[in-house]
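Novice: Here it is: the structure, laid out below.
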């Protein structure tokens, strides 16, 4: 699978679109000079091209499997993981005190995206560990930090997150796993967890599970949940993994895709655990981990989109068919050209949104500023849902570009579309992301939304001399979105929920147009052509979406359950 | 897999939306009384529910396989096929002279859709045979008809179509298979064909291949192609299969879905064949077969959409999660309700379009009227592309409704989305359907399009007192589409090709709205609620699509191939 890391594109985005210079101007991230960032991207990119991309098909054709209670990973994944760990790519943004590079999340986001393009199934492993590192940095005791962080950051140990139980999916508060205090200050963890990504592996020295469970007598719902570190092997004081803990992989799921990533049902049978954060305060720590992971999952979608695009383009450039002009390959056909350009424009828009979200996170970390914090919070669900929707759509188009070959597994086109499918579901379904956007993220009366729209409008105004048509289209779209946003924040929650998904998508469409316009102002002719394609052909979608938003929940329940079921 | 045949819905569509009474008022189809049609639907529906639906998962989990040159089909498929053949469901529309029922294609379309909902992989088998029957009825000699039609119509023998070669996919004219005349009036067929759906099976007495090949000295391109009947076993004069012909299955494809349907690479090594139609006139006969099959493939998409919808609804009704009101299941959540209602409204729109197309085909058959013929020709690519796009979108939404369970294969939700994926590719990719629409189907200067829009406008006018808001929305959409259509027919072919896909989709959107409005005028409150959902929330998509159409090929090639490949 040939993959070329889009390092030049990240650099352009950093320098001209998402404003990484604001991040590197802070004390906190002063070390991330442009030269260093480019060196990091280049080195990570090379590893993705040379080490990870060749593993992509292995993960699909030789799935992870459970043998006598032991997870056996796909051929070559051990070497791939070693390259990730030794390159330091797990801990790019982690605390230097414990061995991390301390670089901005913006850089991590780009590197994670490249790893996702190259081999999504394996990339999910360090993504989980990164989330765990951040949760521990914020919530764990100094003792736990000292013991676990160096090992996780170096990649010697891996981390997982254990939320879901069969009866408690999106409704985390319904979980039942128990944690009973022991005399030695630890807890005995008992319960079954499902959908545990990379619940085990055969290449890391230890696997560290962060598990949500209830203390005896805890209240029902999310307020009675605590978080525990439950390692596969219990480390001694020097951090040497010792005794086997009382937990095991019961089974692995048989999934539509992402076969290289073992998705485990985990059984905890009085396993020894250490509390992370305060009693009954587990959800706060888990949210730290999930927030990080949401941006990361959005990046997975974008990474797959990039991989699927490159894969489809290579096929189209190579495939001769019909009376195509120019190169004689199908890439000259107008409809194939339209598909490919759409894939590229869409991937770029989603990437700009994710990196802009990452910049806001970094600025929040560096400055604590409430405006940046609100911006990061608003952009996170958009980055997750839109990035993964783009991953699905672009990879489906990639299959279509391949024609009949797209449906045949050997080409690898279908794998992108199967692998990426879960990203719209895990870390909170895209529907839940959209509900988060219109509810929690609009408790400010639409202020964060308005600030983003102000920025787009300012860009449009500054582009009106150079690129009048594009500027006008973006300006109009932003103002239509503003009006609809003002209307939406005045509605009941039920009305907002009913149209949360089209609203999120419309917002992403307009944001994408704003970033494309900015890139057109700063970039060369090809970049302008790409922006023009997006703004003229893809931005208009927002109008239909916003018309839908204006319906709220009106009439939504007029069809009874019997009506829905009538055949 | 519980499946309930939507017989009531077909009856409503026949009686109140697509005007089957026009068909049954003709001499040709006078026997298809309402009672008979309902009895047919009920009986076929029962077979789909009881016999075929239980086979759906088998096809996926126990794929067809090649053993020592023999295709072994999935468990139970032999019994399922027997039920289809014995029910007479292969030859519903076939000539009664040879054992067919002689019923309208409209009825066949409904029955095929039900079979596709129940078990797509198996349904593809009789769909191929139906196409072959029609091709033989129109183009074969009386001798061939007498020999083959009774066996194909009874289902004792199956039919396939052999177009594609490795170097000749969508560009059929590039094919190289050879046909050499023999002294006995037959031809020796030599060449390799790929993507042969149901290229072989272990449950029919014979497999009859219609093969495109070139006579010695034939001109290049599509004008030098002839069509041949090449049976697996050569029948004697009484139609008894005898000597094994010199053809074989080389391999089966490893596909993303539709595992129960063996997709073969076929090798013909001087196999004995009989010419169908005139020398070098093979494409005309093949187009008969493909035209039939295009509507049939559209119906496959709709059938899968219906199956996926019912499957997702059943899950949503059963799954308790969160603080849902009413039934306490997730179907009460606004976003889940939105997804399910969208699935239902979308499936219904696609079904109305396909059945309306079938009525136009039947009217053409019965009357030879040029207006009906043009309407059928215009609606066929829309029915194919939109029906299969709906199949993909609805089945993807079905996965989403399932949350994490959707990504796990055991639930069956993922299978719908994998199986249906090929329908957007085979029988001419959806891009090719769209190009057919804006090129060949607009050589009339937009007359057929205009006639359809006139009808929608007339419906909107007659609804303006009862349902003023819906009527206005449909009227406005139809007029916007008319303006864009007038603009499009005046453009160069390249401009039309560049926006063929969004144009087809916009046309389908507006057509769907027209049918929903008509249903709302004739139907009860739930039907009005469904129409309202579609018209208020889904119809608005047309505006963005038509804005895209107006761009033509403008700027599409501004990004060079190097620009597209820049990483």
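Only the coordinates and a few stated rules stand behind these numbers; no lab work does. What you are looking at is a predicted structure, and each value in this text was computed from that prediction instead of being measured. As a convention, Cβ positions derive from the backbone with ideal geometry for all residues, glycine included, and neighbour counts pool all protein chains shown.
Novice: Would you mind ranking B:12, A:533 by Cβ crowding within 10 Å, fewest neighbours first?
Specialist: Placing the least packed residue first, the sequence is B:12, A:533.
Novice: Determine, from the Cβ-Cβ distance of residue A:465 and residue B:462 and an R0 of 56 Å, the FRET efficiency 1/(1 + (r/R0)^6), rounded to the nearest 0.05.
Specialist: About 0.65, to the nearest 0.05.
Novice: Say each of residue A:558 and residue A:176 gets a label point 7 Å from the Cα, pointing the same way as Cα to Cβ; how far apart are those two points in nm?
Specialist: 4.2 nm
Novice: Right, here's the next one. Helix B:370-401 against the longest principal axis of chain B: what's the angle in degrees, Cα atoms only, rounded to the nearest 10?
Specialist: 70 degrees
Novice: Using a Förster distance of 51 Å, how high is the FRET efficiency between residue B:39 and residue B:243, based on the Cβ-Cβ distance and rounded to 0.05?
Specialist: 0.75
Novice: Okay, next question. Fully extended, how many nm does the chain gain between residue A:203 and residue A:269 (0.36 nm per residue separation, minus their Cα-Cα distance)?
Specialist: Once the chain is fully extended between residue A:203 and residue A:269, it gains 21.4 nm.
Novice: How much length, in nm to one decimal, is gained on full extension between residue B:219 and residue B:454, taken as 0.36 nm per residue of separation minus their Cα-Cα distance?
Specialist: 80.2 nm
Novice: OK, next. How far is helix A:334-367 tilted off the main Cα axis of chain A, in degrees rounded to 10, range 0 to 90?
Specialist: Result, in degrees: 50.
Novice: Sorted from fewest to most neighbouring beta carbons within 10 Å, what does the list B:528, A:440 look like?
Specialist: Sorted ascending by nearby Cβ count, the order is A:440, B:528.
Novice: With everything on Cα atoms, drop me the angle between helix B:447-462 and the longest principal axis of chain B, reported from 0 to 90° to the nearest 10.
Specialist: With both axes taken from Cα atoms, the answer is about 30 degrees.
Novice: Which whole-angstrom value gives the distance between the alpha carbon centres of region A:38-57 and region B:241-259?
Specialist: If we compute the Cα centre of each part, the gap is 41 Å.
Novice: State, as an integer percentage, the relative contact order of chain B based on alpha-carbon contacts under 8 Å between residues 6 or more apart.
Specialist: 13 percent
Novice: Now, a different point. Let me know the shape class of region B:158-280, please: from the alpha-carbon gyration tensor, a ≥ b ≥ c as square roots of the eigenvalues, rounded when a/c is under 1.5, otherwise prolate if a/b is greater than b/c, or oblate.
Specialist: oblate
Novice: How would you rank B:272, B:176, going from fewest to most other Cβ atoms within 10 Å of each one's own Cβ?
Specialist: B:176, B:272
Novice: Give me the extension gain from residue B:487 to residue B:443: residue separation times 0.36 nm, minus the current Cα-Cα distance, reported in nm with one decimal.
Specialist: 14.5 nm is the gain from fully extending residue B:487 to residue B:443.
Novice: While we're on this one: So what is the relative contact order for region A:1-67, in percent, with contacts set as C-alpha pairs under 8 Å and at least six apart?
Specialist: Answer for region A:1-67 is 48 percent.
Novice: Starting from a label point 7 Å past Cα on the Cβ side, list the distances from residue A:492 to the same position in the other copies, nm, shortest first.
Specialist: 5.6
Novice: Right, here's the next one. At residue B:141, label 7 Å along Cα→Cβ: distances to the other copies, nm, ascending?
Specialist: Those label-point separations list as 9.3 nm.
Novice: Can you pull the one-decimal nm distance between simple spin-label points at residue B:25 and residue A:78, each 7 Å off the Cα toward Cβ?
Specialist: Here the answer is 7.7 nm between the modelled labels.
Novice: At residue B:522, label 7 Å along Cα→Cβ: distances to the other copies, nm, ascending?
Specialist: Here residue B:522 shows inter-copy label distances of 5.8 nm.
Novice: Also, quick follow-up: Using only the Cα atoms of the protein assembly as shown, build the gyration tensor, take square roots of its eigenvalues as a ≥ b ≥ c, and label the shape rounded, prolate or oblate: rounded if a/c is under 1.5, else prolate if a/b is larger than b/c, else oblate.
Specialist: Prolate is the answer for the protein assembly as shown, as a/c is 1.5 or above and a/b outweighs b/c.
Novice: For region B:96-249, what's the relative contact order in percent, using C-alpha pairs closer than 8 Å and at least 6 residues apart?
Specialist: Reported as a whole number, the value is 19 percent.
Novice: Hey, how many Å between the Cα centroid of region A:335-385 and the Cα centroid of region A:502-567?
Specialist: 15 Å
Novice: Taking the Cα centroid of region B:17-32 and of region B:165-199, what is the distance between the two, rounded to the nearest whole Å?
Specialist: So the two Cα centres are separated by 39 Å.
Novice: On to the next question. Just to verify a number: FRET efficiency for residue B:16 and residue B:480, C-beta to C-beta distance, R0 = 22 Å, to 0.05?
Specialist: 0.25
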